[in-house]
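Colleague: Shown below is the structure under consideration.
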Amino acid sequence: MSYLPDFIQKLIAEFDKLPGIGPKTASRLVFNLLHRPDDVRSLAQALTEAQAKVHFCPECFNLTDDALCSICSNPQRNKTIICIVASNQDVEAMEKTGEFDGVYHLLNGLLSPLEGITPDQLTISSLLKRLDKNNAQEVILALDQSMEGEATSLYLAKLLKDKPMTVSQLARGIPMGANIEYTDEVTLSSALQNRKKM
Ligand SMILES: [Zn+2]
């Protein structure tokens, strides 16, 4: 039993649900915030505002507050080269390289038999429609080199095998087990340049 009031325990439990935050960090964040009432107010306001405005881009599933995200609506981006990533953090990492002028498709997850994540829970059916619609020339698989990332890359490569486009994968400059999100720009940039046909 905790000596803390229920509402604080509930708040800690909410923070604890976030990735990379354990119960200790969750408590630390909550106590820290509760000592700063002004910051709590602006945080609550920012969260409510973001939640009200944000939605998935209907093309690529990036987060946006507009009809299309800023990448899909940019006429300078090549819509026939589609880079497949797992999440928003991966788009951030790829954009930082400044090397890619195509568009993205966010799967919003990776296949994971252990966690019961199957192809129909990812944005794969939308991807297939989009490849036809955009007359895609190349698909670049930029997925983590983890078990889930590899399984997803293989699944997609098989699925796209008979499509009239090149399917490539980021080169292995990225260490095994690494996340795209945490890979530095130089490594990611060279992995993109040296991508391998699948
Ligand atoms: Zn988009």
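Colleague: Out of (1) closer than 21 Å to G109 by Cα; (2) surrounded by fewer than 11 Cβ atoms within 10 Å (Cβ to Cβ), what's the single condition that is false for N62?
Modeller: Unmet for N62, out of (1) closer than 21 Å to G109 by Cα; (2) surrounded by fewer than 11 Cβ atoms within 10 Å (Cβ to Cβ): (2).
Colleague: Another question, then. Could you give every pair whose Cβ atoms fall below 7 Å, whose first residue belongs to the range 89-114 and is free of Cβ contacts under 8 Å to residues at least 24 places away in the same chain, and whose second residue is more than 14 Å from the ligand (Cβ to nearest atom), counting only separations of at least 6 or pairs across chains?
Modeller: So the pair list comes out as G109/A86; G109/I117; G109/Q121; G109/L122.
Colleague: Go through the residues of the range 95-108 one by one and say whether even a single one is surrounded by 11 or more Cβ atoms within 10 Å (Cβ to Cβ), among the aromatic types (F, W, Y) and away from the ligand (no atom under 16 Å from the Cβ).
Modeller: No, the conditions are met nowhere in the range 95-108.
Colleague: Turning to a different aspect of this structure: Which of the residues that make up the range 34-62 are in contact (Cβ under 8 Å) with a residue 12 or more places away in the chain and more than 9 Å from the ligand (Cβ to nearest atom)?
Modeller: Result: L34, K53.
Colleague: Of these, K96, K79, which one is more than 23 Å from L128 (Cα to Cα) and either among the charged types (D, E, K, R) or not in a helix (DSSP H, G or I) (or both)? I'd like the intermediate steps shown before the answer.
Modeller: Values: K79 fails: more than 23 Å from L128 (Cα to Cα).
Answer to the selection: K96.
Colleague: I'm trying to understand the selection: among the residues of the range 79-94, which are among the hydrophobic types (A, V, I, L, M, F, W, C), over 12 Å from the mean Cα position of the chain (by Cα) and within 12 Å of the ligand (Cβ to nearest atom)?
Modeller: The one that is among the hydrophobic types (A, V, I, L, M, F, W, C), over 12 Å from the mean Cα position of the chain (by Cα) and within 12 Å of the ligand (Cβ to nearest atom): I82.
Colleague: Does the range 1-42 hold any residues that are of a type in the set (F, W, Y), in a helix (DSSP H, G or I) and exposed (fewer than 11 other Cβ atoms within 10 Å of the Cβ), and which are they?
Modeller: Selection gives F7 alone.
Colleague: Identify the single condition in (1) more than 30 Å from R195 (Cβ to Cβ); (2) in the same structural domain as L156 (by TED's automatic domain parsing) that L47 does not satisfy, given that it satisfies every other one.
Modeller: Among (1) more than 30 Å from R195 (Cβ to Cβ); (2) in the same structural domain as L156 (by TED's automatic domain parsing), the lone unmet condition for L47 is (2).
Colleague: Just checking, does the range 45-57 include any residue being among the charged types (D, E, K, R) and in a helix (DSSP H, G or I)?
Modeller: So far as the range 45-57 goes, yes, one or more of its residues are among the charged types (D, E, K, R) and in a helix (DSSP H, G or I).
Colleague: Another one. For N74, state whether it is in contact (Cβ under 8 Å) with a residue 40 or more places away in the chain, part of a loop (DSSP other than H, G, I, E, B) and within 16 Å of the ligand (Cβ to nearest atom). Don't jump to the end; show me each part of the working.
Modeller: Details: in contact (Cβ under 8 Å) with a residue 40 or more places away in the chain: no; part of a loop (DSSP other than H, G, I, E, B): yes; within 16 Å of the ligand (Cβ to nearest atom): yes.
Spelling it out, it is not the case that N74 is in contact (Cβ under 8 Å) with a residue 40 or more places away in the chain, part of a loop (DSSP other than H, G, I, E, B) and within 16 Å of the ligand (Cβ to nearest atom).
The values are calculated or read from the model by the stated rules, or taken from the named source; none is laboratory data. Only a predicted model underlies this, so the values are computations on that prediction, with no experimental measurement involved. When we count neighbours, we look across all protein chains shown, and the Cβ atoms used for this are built from the backbone with ideal geometry, even at glycine.
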